[in-house]
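The values are calculated or read from the model by the stated rules, or taken from the named source; none is laboratory data. Given the structure is predicted, the values throughout are model-derived calculations rather than measurements. Don't worry about glycine lacking a Cβ; one is built from the backbone with ideal geometry, like all the others, and counts go over all protein chains shown.
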2 protein chains.
Amino acid sequence: MDQVIDFINVNRDRYVEELKQYLAIPSISALPQHAADVRRAAEWTGDALRAGGMTDVRLIETPGNPVVYGEWLGAPGKPTILFYGHYDVQPVDPLDLWTTPPFEASVRDGEIYARGAADDKGQVFMHIKAVEAYMQKAGALPLNMKFFIEGEEEVGSVHLDEFVRAHKQQLAADVVVISDSPMFDRGVPSICYGLRGLVYFQLDVRGTKTDLHSGSFGGAVANPAFVLAQVLAQMKDRGGRVKIPGFYDDVRPLSEAERAEWRKLPFNETRYRKELGAPRLFGEKGYSTLERVWARPTFEVNGLLSGFTGEGAKTVLPAVAMAKVSMRLVPDQHPDRIAQLFEAYVKKVCPPTVELKVTRMHGGKPWMTEFDNKYVRAAGRAIQQGFGQTPVFNREGGSIPVVSTFQEELGLPSVLFGVGLPDENAHAPNEKLDLGNFHNGIIASAYLYREIADA
Amino acid sequence: MDQVIDFINVNRDRYVEELKQYLAIPSISALPQHAADVRRAAEWTGDALRAGGMTDVRLIETPGNPVVYGEWLGAPGKPTILFYGHYDVQPVDPLDLWTTPPFEASVRDGEIYARGAADDKGQVFMHIKAVEAYMQKAGALPLNMKFFIEGEEEVGSVHLDEFVRAHKQQLAADVVVISDSPMFDRGVPSICYGLRGLVYFQLDVRGTKTDLHSGSFGGAVANPAFVLAQVLAQMKDRGGRVKIPGFYDDVRPLSEAERAEWRKLPFNETRYRKELGAPRLFGEKGYSTLERVWARPTFEVNGLLSGFTGEGAKTVLPAVAMAKVSMRLVPDQHPDRIAQLFEAYVKKVCPPTVELKVTRMHGGKPWMTEFDNKYVRAAGRAIQQGFGQTPVFNREGGSIPVVSTFQEELGLPSVLFGVGLPDENAHAPNEKLDLGNFHNGIIASAYLYREIADA
């Protein structure tokens, strides 16, 4: 083990250089024009797995982007980890807010800046390098491993459920390991035991056939941008509570025990607010900030577009207005049920003066596990060894829909073993990864395999 | 006179070819990158005036775009027309909705399609050609004329008031003629005796320093796009009435006589609705469609922008959201007073969870004249002669702020002598001008000069 850790320490700079190459590929799955880049990232991932010592490495086609698969099954009798991650990344706009180009990784103050640095290429690469270290120094892993790296996580893992169902045999394992979530805070490593789900919609409102002159026609017809604002405004009350009828029906109440645990966490509201640059924190009444983000559902507007948006003034009465909206879900809300409630409500509140088109984009189920299972405990020990600190146990506000799929389709528990930081701009300009955490993460990953092997 | 009219009839095709050149210049005053094109359009206008026989033609600089001036004062003792128009045009987005490129004029079914065709290059050019016909066949005009063609009408004529005040002597005249408004309907020529005013704002809402992941942070802070929707939704009630306190205080009530006149106009609501492609007509309760557009103020959203607006789904919590909004005003509302009321109200309804920036863009006063003055009657006779039909008298929903300026600064009445059509997409894709009306408009303009000379 010492040799493995030494090898990781010695190769620190090389890892960063290799990661830069990975981050240079603009594998944006949401934008069709990047389809070739997405494939290139899949191939790069496969090559890296092969170089790391995995066998049977290949791209498995789906109706969308390929899955990268690789395995090492040289430890009969030992447990098998199914490692899940993704090689696709979020879009980068607004591009002008990036300090350095999103696909030319730049190291500043011990952090590497690039789209995908934290979410998720950097964390996938961490495991590939931990595997490589074992192979180089021990010629073997302490357990069996299967890598399953997909390319559609940022567009809702649209073909993943189907893929998992069709490859149950191949994906059979004892535990899923995922490194795609942040730790609780800088210097506070954590194990995540709960995630929110998601439903995402596009709303298109049409008022008239074409844009009109706001003088000649203003007052004659409904303004679709105004109607859209009216419709959106009816989704939440002034206290931040979602107004969609039935929305909260299936929400599992927070237990007093859990709330008490969270109150002990080193969370500084003032520092948090200042880091975000918000005039004040705000959300559903009756819940703390952590409770709102981790354990309460939300309604968010993700995008708005209508009419004239350039510099200056144009007196146009827009023909159409568009909004992207999404809801984060918590146990035991179901995305299909919430989608139905939303669609019914939005159609009800939209006036008949416009045409409304409601398009469901994607979604995922919320997830929660008990944290007293042996794999979660093993992960806790690995974090302790890699970071020199006892981890805290937290939930996360984001969504990794595949976690539910692994539970339902393969009967597998998941260990969320993330080393990102909450301020690493995962879906925003200037995404970054702390290189100290990246390095400790490789060491912790190496320990994780041994701890699970012995669990 | 017959020779002048014959000349106009014979040169019909040439006029269209020349107009195409004028329309080819993308003189978009709202976009700084078109500054050189704006100047080129000014020079083209000056050249056309010179070729038409006007004297002392020159560009007069302003702090913004130049004014094109030209005069012919060879009819001492006769009245002087101050002809006002503009050579700048509206932006063209969304470009993909244009059937043919906005700056490559295309003739289809007797209409010429291009940005500026109706608003206002086509109508300015109509007068230049009427002047040219007189000069060619009679060697003189029947009265004195001054052309005053500006380049900032589409950005609120920002330097015009100052210019008029500084050039009172030079602009001295008996009556202003403006051809920048549509006739009532195809086959229903009209004289416009009222215009709405305008105030235009940009609202910028900031929630946080950067865009955030809607999972990791959704629920912690206010969503600026949602807050913007909430703020906008509070500007009008469900009946279409503006909720800004004091907004209607100075609105001159519609007289029963005026309402009775308008009810006689050949206005078909069903056809109008179908032409606009609206599911239904909508506006302030208690007023007919014409009343709402001509004589009632409005609040409109002209543009919206926030977060992710591309194809697909991006789970972003936007940092900022922007809206362009404007209000059309009617006599006796004052733009400054309404701007103050709006600013106070929008700041009051915006919650303290975001930063709000309110930027006033431009505006103009509403205007109305009595239609029994001799110049309006002269214009009626000219329309009768050019179009073979008695005109109706109407108001217009749009704004020509300069009309108030001419009244206040120069003490001049204005005659609104427009030959556009209401469906000519003045500020929208596929702007066009009916070539029959363009041609009859040149003839009517020639008659107008004679009628005013004899008035």
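Taking the stretch B:1-60 and the helices (runs of 4 or more DSSP H) fully enclosed by it, the elements with 1 or more residues that are over 23 Å from B:I112 (Cα atoms) and within 14 Å of chain A (Cβ to nearest Cβ) are at B:35-52.
If you check A:K324, A:K347, A:K357, A:K365 for being closer than 22 Å to B:G312 by Cβ and surrounded by fewer than 18 Cβ atoms within 10 Å (Cβ to Cβ), only one passes: A:K357. Within 14 Å of chain A (Cβ to nearest Cβ) and touching a residue at least 40 places away in the same chain (Cβ under 8 Å): is that true of B:M368 in this structure? It is false that B:M368 is within 14 Å of chain A (Cβ to nearest Cβ) and touching a residue at least 40 places away in the same chain (Cβ under 8 Å).
Residues in the stretch A:257-271 that are of a type in the set (F, W, Y) and away from every other protein chain (no Cβ under 12 Å): 1 in all.
Among the residues of the stretch A:237-251, just one is touching a Ser or Thr at 6+ places or on another chain (Cβ under 9 Å) and at the interface with chain B (Cβ under 9 Å from one of its Cβ atoms), namely A:G240.
Taken together, B:V38, B:V92, B:V107 contain a single residue that is more than 23 Å from B:L435 (Cβ to Cβ) and either of a type in the set (F, W, Y) or in contact (Cβ under 8 Å) with a residue 12 or more places away in the chain (or both), which is B:V38.
Select from the stretch B:200-214 the residues that are within 7 Å of chain A (Cβ to nearest Cβ) and not in a loop (DSSP other than H, G, I, E, B) and list them in ascending order. Answer for the stretch B:200-214, where residues must be within 7 Å of chain A (Cβ to nearest Cβ) and not in a loop (DSSP other than H, G, I, E, B): B:Y200, B:L212, B:H213, B:S214. Pairs meeting the criteria (first residue in the stretch B:154-181 and within 14 Å of chain A (Cβ to nearest Cβ) and closer than 23 Å to B:V38 by Cβ, second residue assigned to a helix (DSSP H, G or I) and of a type outside the set (F, W, Y), beta carbons under 9 Å, at least 6 apart or on different chains) are B:S157/B:V402; B:S157/B:T405; B:D180/B:Q123; B:D180/B:V124; B:D180/B:E153; B:S181/B:Q123. Taken over the stretch A:150-187, the residue count meeting the criterion of being of a type in the set (K, R) and over 30 Å from A:R360 (Cβ atoms) is 1. Checking each residue in the stretch A:273-311 for being basic (K, R), buried (at least 21 other Cβ atoms within 10 Å of the Cβ) and assigned to a loop (DSSP other than H, G, I, E, B) picks out only A:R296.
Condition check ((1) in contact (Cβ under 8 Å) with a residue 40 or more places away in the chain; (2) within 11 Å of chain A (Cβ to nearest Cβ)) across all residues:
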{"residue": "B:S255", "(1), (2)": "no, no"}
{"residue": "B:R273", "(1), (2)": "no, yes"}
{"residue": "B:P279", "(1), (2)": "no, yes"}
{"residue": "B:E284", "(1), (2)": "yes, yes"}
{"residue": "B:M322", "(1), (2)": "yes, yes"}
{"residue": "B:V325", "(1), (2)": "yes, yes"}
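Out of A:P352, A:P391, which single residue is farther than 19 Å from A:D332 by Cβ, surrounded by 17 or more Cβ atoms within 10 Å (Cβ to Cβ) and not hydrophobic (A, V, I, L, M, F, W, C)? Selected residue: A:P391, the only one of A:P352, A:P391 that is farther than 19 Å from A:D332 by Cβ, surrounded by 17 or more Cβ atoms within 10 Å (Cβ to Cβ) and not hydrophobic (A, V, I, L, M, F, W, C).
From the list B:T55, B:T80, B:T62, the one residue that fits, being more than 21 Å from B:L416 (Cα to Cα) and either free of Cβ contacts under 8 Å to residues at least 12 places away in the same chain or under 25 Å from the mean Cα position of the chain (by Cα) (or both), is B:T62. Sort out which residues of the stretch A:215-262 are part of a loop (DSSP other than H, G, I, E, B), in contact with a Pro (Cβ under 9 Å, 6 or more places away or on another chain) and more than 19 Å from A:F342 (Cβ to Cβ), and write them in order of number. The answer is A:S216, A:F217, A:G219, A:A222, A:N223, A:R238, A:R252.
Yes/no matrix, rows are residues, columns are (1) surrounded by fewer than 17 Cβ atoms within 10 Å (Cβ to Cβ); (2) in the same structural domain as B:P189 (by TED's automatic domain parsing):
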| residue | (1), (2) |
| --- | --- |
| B:F342 | no, no |
| B:R395 | no, yes |
| B:V403 | no, yes |
| B:A426 | no, yes |
| B:E431 | no, yes |
| B:G436 | yes, yes |
| B:A446 | no, yes |
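Where strands (runs of 3 or more DSSP E) sit wholly within the stretch A:74-185, those with at least 1 residues that are in contact with a helix residue (DSSP H, G or I) (Cβ under 6 Å, 6 or more places away or on another chain) and crowded, with 24+ Cβ neighbours inside 10 Å occupy A:80-86, A:144-150, A:175-178. Residue check: is B:E343 modelled with pLDDT of 95 or more and among the acidic types (D, E)? Against the criterion (modelled with pLDDT of 95 or more and among the acidic types (D, E)), B:E343 qualifies.
Restricting B:F299, B:F342, B:F308 to residues that are within 7 Å of chain A (Cβ to nearest Cβ) and aromatic (F, W, Y) narrows the list to B:F308. Just one of (1) away from chain B (no Cβ under 14 Å); (2) touching a Cys at 6+ places or on another chain (Cβ under 7 Å) fails for A:L356. It is (1).
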